[in-house]
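Encoded as structure tokens, the structure appears first; notes follow it.
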Amino acid sequence: MNPIISVSELAAAVASPRPPVLLDIRYQLGVKGLHAEYEAGHVPGAVFVDLDRELAGPPGVGGRHPLPEVEAFGAAMRRAGVTAQAPVVVYDGWVGWGAARAWWLLRWAGHPDVRVLDGGLGAWKAAGHPLSAEEPRPAPGDFKPVPGGARLLDADGAASMARSGLLMDARAGERYRGETEPIDPVAGHIPGAVSAPTTENLDAEGRFLPAEVLKARFAGLGVTEDLQVGVYCGSGVSAAQQVIALELAGVRAALYAGSWSDWCADGTRPVATGADAS
């Protein structure tokens, strides 16, 4: 299934007899209290989902955004009206990272039909579609997560992927090189990983680049048909967007959910710096 949906496709789906469940993942790195922005205007019918509380466990073991407990995630999705029978569309109001996290979690948890709104809330507004300030109260859903629908790496798996496959670092290049680290306590990257900022998968309007362009980009980074691919970032959020881009390019990639915040918290793990994968 195509992991993204266009604004025009979503507008038609919302007006159809079987509209999707809409989830607003109003996430922005380092910014709290975004429910107020949701209240000020969202896609009509969209339910607010808090990434830090409902799409991640408490920071600590496993990184800054560890995977949530399966039952807690299922309860959050049922509260939002998610069922196994209805399609789900997720979006956010920033650069698409929050929506990608929700997409990946739902896929991992076994939902058969979930897509990300390409371009997010900005694309919806730019197309002239209305916003709503009314917060819906959906009937409880019946979604029960069954993990295993998407490939997941732990730290050992990421280290192995860097040696025998291709491990991509989706953070900004300067963080990969260890020139700066504004969030985590250690700068650098996992040895053997290649720098592949997820921001380079999008156009100026925040939409994914065409599939052929993405294929060429990833081929230039070393992706081949028979190579296993994994992705990490700072805490497993922005890397989910890279997983989407790779899927658009025809590559099924694994996600290291703990990512750099998990890796560098273990003082026994090696750290590399500089521009080359090492």
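In the range 87-102, what residues are among the hydrophobic types (A, V, I, L, M, F, W, C) and out of contact with any Lys or Arg (no Cβ under 7 Å at 6 or more places or on another chain)?
VAL88, VAL90, TRP94, VAL95, TRP97, ALA99, ALA100, ALA102
Within the range 144-164, the set of residues being buried (at least 18 other Cβ atoms within 10 Å of the Cβ) and over 19 Å from the mean Cα position of the chain (by Cα) comprises ALA159, MET161, ALA162.
Conditions (1) in contact with a Gly (Cβ under 6 Å, 6 or more places away or on another chain); (2) farther than 20 Å from TRP97 by Cβ; (3) hydroxyl-bearing (Ser, Thr, Tyr), marked per residue:
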position: SER195; (1), (2), (3): yes, no, yes
position: LEU202; (1), (2), (3): no, no, no
position: GLY206; (1), (2), (3): yes, no, no
position: GLN228; (1), (2), (3): yes, yes, no
position: GLY234; (1), (2), (3): no, no, no
position: TRP260; (1), (2), (3): yes, no, no
position: ALA265; (1), (2), (3): no, yes, no
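Restricting the search to the range 52-85, which residues are out of contact with any Ser or Thr (no Cβ under 9 Å at 6 or more places or on another chain), aliphatic (A, V, I, L, M) and closer than 18 Å to TRP260 by Cβ? Answer for the range 52-85, where residues must be out of contact with any Ser or Thr (no Cβ under 9 Å at 6 or more places or on another chain), aliphatic (A, V, I, L, M) and closer than 18 Å to TRP260 by Cβ: VAL61, LEU67. The number of residues in the range 8-62 being surrounded by 17 or more Cβ atoms within 10 Å (Cβ to Cβ) and hydroxyl-bearing (Ser, Thr, Tyr) comes to 2. The criterion of at least 1 residues that are of a type in the set (Lys, Arg) is met by the following helices (runs of 4 or more DSSP H) wholly inside the range 1-58: 51-54. Inside the range 23-48, residues that are within 11 Å of ALA133 (Cα to Cα), small (Gly, Ala, Ser) and within 20 Å of the chain's Cα centre (by Cα) make up a count of 1. Just one of the listed residues (ALA239, ALA253) is in contact with a Ser or Thr (Cβ under 7 Å, 6 or more places away or on another chain), crowded, with 24+ Cβ neighbours inside 10 Å and under 21 Å from LEU202 (Cβ atoms), and it is ALA239. Counting the residues of the range 217-245 that are more than 26 Å from ASP184 (Cα to Cα) and of a type in the set (A, V, I, L, M, F, W, C) gives 4.
Values quoted throughout were computed directly from the atomic coordinates according to the rules given, and no laboratory measurement underlies them. Because the structure is predicted, anything quoted here is derived from the model rather than measured. Positions of Cβ are generated from backbone atoms using ideal geometry, with glycine treated the same way; all protein chains shown enter the neighbour counts.
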